[in-house]
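Structure first, then comments.
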Amino acid sequence: MQVSAIMTKDVHAIQPNATVQNAAGLMRSFNVGSLPVLHGSKLIGIITDRDITMRITAAGLSPVQTNVADAMTSAVRVCLDEEEVEQADKMMEQLQVRRLPVVDKDEHLVGMISLADIAERVHDQKLVGEVLELVCEPPAEMPVN
């Protein structure tokens, strides 16, 4: 099964010059834990609720005065919409992430795939269990920008 068959297609994104407060508000409004960061139509990063907590709140920075560009993760790994779900699964395991942006062959953002997408739509309980186990291992120390 291809990633495009199970990914979330209606992805909300944010621009790098928006404030972290704006990003957090959008995450709350759309009930998501991350937002792709686009410069025009180019994917340049991702900002997660963990990025906000660890890089902004824990550092004592103001979410009102801090731009998304200063909190986002810029080294974004993506998967292709034509890849098999198992490939995305392996990448999430290796990276210990719960979600990945999905791009097409022209590198345009076309969706997101998450553990929830896999759990809800793939009927391979072994695959889902393996992903959850590996992704839920404690992460390495998060670098601070």
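Key figures
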| item | result |
| --- | --- |
| Conditions (1) of a type in the set (D, E, K, R); (2) within 14 Å of the chain's Cα centre (by Cα); (3) modelled with pLDDT of 95 or more; number of the one not met by Asp81 | (2) |
| Options Ser29, Ser4, Ser41, Ser74: the member that is farther than 23 Å from Ala116 by Cα and more than 15 Å from the chain's Cα centre (by Cα) | Ser41 |
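The values are calculated or read from the model by the stated rules, or taken from the named source; none is laboratory data. Keep in mind the model is a prediction, meaning the values are calculated, not measured.
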